[in-house]
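Q: Handing you a structure now.
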Amino acid sequence: MTQLKHAMLIDETHDERARDAFIASLREFTMAEIYPTLREHYRKVLVPRYAERHGGPPASVDRVRTVMEESPLYMGYSLLVRGTQELLWDTVGEAVERQLPALIEKASDASAKAADGKKGSLVLDPSLPLPNYTAAVDIHVMPGGFHTEIAAEDVFAGALYDRGVHLFAFGGLGPLNDELGVATAAAVRKQFPDIAPARILDLGCGAGHATLPLADAFPDAEIHGIDLAAPMLRYASARASSLGYALHLSQQDATKTNYPDESFDLITSTLLLHEMPRPAILALFRECHRLLRPGGVMAHHDLLRWPEEPFDAFMMAWTTRHNNEPYERASGTLKFPEDCVAAGFDAADVFVVAQPGAYLEEVYQVSGIRGARKRLQDRSLSE
Amino acid sequence: MMILALATEVSALRERLDTHEQLAAAGRLPEPGAVEAYAPDADVEAARAAARRSLIERITRVLLEPDSPRIRAATADDPNE
């Protein structure tokens, strides 16, 4: 579990590294050992006991909830996962705060370089309204969410997320936390072998973990990334520069960007949709259709569906109940192709590529890449 | 979760102590700079990973034994069922 060192990645002391290692081990152990044990306990002990009294297994999520919330094992599991999550941010946060002034200075230097044309660009918009759905909750219990600024020219959230998500996935996202982005780019290439995008837009690009793989997969393309959160964008810009990439980053809302119609050949998002409520996701699909050139593709890497089996559905919603993921179900219950058709795409041009969760296969067994290609000739115009 | 925070600190302290011992075994003084700069080799890291796992197993043992008498006792006579 070694994260690739780049100029923006925090330095950690001997003891901070040791704490990180313990927390990552704790997460891995919980997912690899305790979660399956809990499932076995449900099937072998809790279901038979329930069936004995009620004449059958729990048939709904509400029934499962009744059973589980009376189980000390489930309570222990929940405390462990939530406790580890809080500990993770607290531990990494301390290291980030200690060196925040130096990180901000490094980011400012990198931004100055990014400003000179070739090296990409960074455009922030302090007047951009933050949607309530983002402002109202600290997503996955990360203090302050992605957007809060605790200093001038702040990069705190970016530095916290970059290190934090690496530990959260116990290294499973790869040395650059880019495994999901690599998969997104590969899926697009495989699904559309003829695609040769000149301009690519990555929505909700955050620290740029999934943005840089687009540059690798499509080296001739101009890569743009947008996000609501200034601290993430400053960090992403400096991180990309230090790794030798030129990105064009700007602070924008993915449901209403300021790009002209038909600006891009490929629009992607990775782990963005599940942080948005359904109306915002539908608005994002409409915006993708507007921004895509004819023949262009939108590809979103996230949940593909929501489990129907009551126990799996109950456990899937654990993060919604206890880890500040209020909108996760919205992305899992999107209607494909209907929701794409409503945004202007043709049902025949919708695609789905299952991508088994690399590091959380046990829990997130329903993720992948899906989207749609915009018709070369818009039927609505020709009819 | 006080126990998790404490366990994290115990684990970090044990690794710091191990670093001291590794430095001593190499004939070096455990000065602050040497401790900070120390990078465990693969064998040392494997031993530390095993120690972390062992500590985690002990802390979470009650959750790994779903048929343990403690859990059975806590759920057997539940009046809500």
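Throughout, read-outs are computed from the coordinates displayed, never taken from laboratory work. Source: prediction; values computed, not measured. FYI the Cβ positions are ideal-geometry reconstructions off the backbone, even for glycines, and counts take in every protein chain you see.
Q: Which aspartates and glutamates does A:Lys256 reach when only Cα atoms under 16 Å apart count, and residues fewer than 8 places away in its own chain are ignored?
A: A:Asp125, A:Asp202, A:Asp227, A:Glu287
Q: What is the Rg over Rh value, at two decimals, for region A:68-159, using alpha-carbon atoms and the Kirkwood definition of Rh?
A: 1.13
Q: Something else: Which one of A:Gly344, A:Thr333, A:Leu291 is farthest out on the positive end of the charge dipole of region A:290-349, using unit charges on Cβ (Lys, Arg +1; Asp, Glu -1) and the Cα centre as origin?
A: Of the options given, the answer is A:Leu291.
Q: I've got another one for you. Could you tell me the relative contact order of chain A? Use alpha-carbon pairs under 8 Å, at least six residues apart, and round to a whole percent. Kindly include the intermediate steps, with their values, before the conclusion.
A: Numbers: 683 pairs, mean separation 67.2, N = 383.
Result for chain A is 18 percent.
Q: Starting from 0.36 nm per residue, how many nanometres of slack lie between B:Arg28 and B:Val44 once their C-alpha separation is accounted for?
A: 4.1 nm
Q: What order do you get for A:Asp349, A:Asp11 when you list them from fewest to most C-beta neighbours inside 10 Å?
A: Least to most surrounded, the residues fall as A:Asp11, A:Asp349.
Q: Can I ask one more? How far apart, in nanometres, would the label points at B:Glu65 and A:Glu308 be if each is projected 7 angstrom from Cα along the Cα-to-Cβ direction?
A: That separation, rounded to one decimal, is 4.0 nm.
Q: Quick check on region A:226-383: of the DSSP beta bridges with both residues there, what percent are antiparallel, nearest 5%?
A: 60
Q: What ranking do A:Ile104, A:Ile195 get, fewest neighbouring Cβ atoms within 10 angstrom at the top?
A: Values: A:Ile104 21, A:Ile195 15.
Taking fewest neighbouring Cβ atoms as first place, the list is A:Ile195, A:Ile104.
Q: Something else now. Comparing A:Pro294, A:Pro279, A:Pro310, which has the greatest mean-square fluctuation in the GNM of chain A with Cα pairs linked when under 10 Å apart?
A: Per the Cα network of chain A with a 10 Å cutoff, A:Pro279 tops the list.
Q: Between A:Asp90 and A:Thr333, with labels modelled 7 Å along Cα→Cβ, what's the label distance in nm to one decimal, could you check?
A: In this crude label model, A:Asp90 to A:Thr333 measures out at 3.4 nm.
Q: Follow-up. What are the residues whose amide H is under 5 Å from the amide H of A:Glu222, where those residues sit 5 or more places off or on another chain and H is modelled from the backbone?
A: Distant-sequence amide H within range of A:Glu222: A:Arg199, A:Ile200.
Q: Which part of region A:162-202 falls in the paramagnetic zone of A:Asp216, meaning amide N under 14 Å from the point 7 Å along Cα-to-beta-carbon?
A: Under cut-off, by backbone N: A:173-187.
Q: Using the Kyte-Doolittle scale, find the helices of chain A whose mean hydropathy is at least -0.5 and whose Cα atoms extend 27 Å or more along the helix's long axis, counting only whole DSSP H runs.
A: In chain A, the long hydrophobic H runs are A:72-98.
Q: Something else about it: Based on other C-beta atoms within 10 Å, arrange A:Ile267, A:Ile139 from fewest to most.
A: A:Ile139, A:Ile267
Q: Say R0 is 30 Å: what FRET efficiency, to the nearest 0.05, do A:Ala342 and A:Asn258 get from their beta-carbon distance?
A: According to the calculation, E is roughly 0.80.
Q: Between A:Pro326, A:Pro101, A:Pro57, find the one with the highest GNM mean-square fluctuation for chain A; connect C-alpha pairs within less than 10 Å.
A: A:Pro57
Q: To continue, here is another question. Using a Gaussian network model of chain A whose springs link C-alpha atoms within less than 10 Å, name the residue from A:Ala157, A:Ala317, A:Ala198 with the highest mean-square fluctuation.
A: Comparing A:Ala157, A:Ala317, A:Ala198 in the GNM, the peak value goes to A:Ala198.
Q: Continuing with this model, one more query. Along the Cα→Cβ direction, 7 angstrom out, place labels at A:His14 and B:Glu36. What is the inter-label distance in nm?
A: Rounded to a tenth, the inter-label distance reads 1.1 nm.
Q: Identify the residues of region A:306-331 with backbone N under 16 Å of a label point that sits 7 angstrom from the Cα of A:Ala59 along the Cα-to-Cβ direction, or state none.
A: It comes to A:309-311, nothing else.
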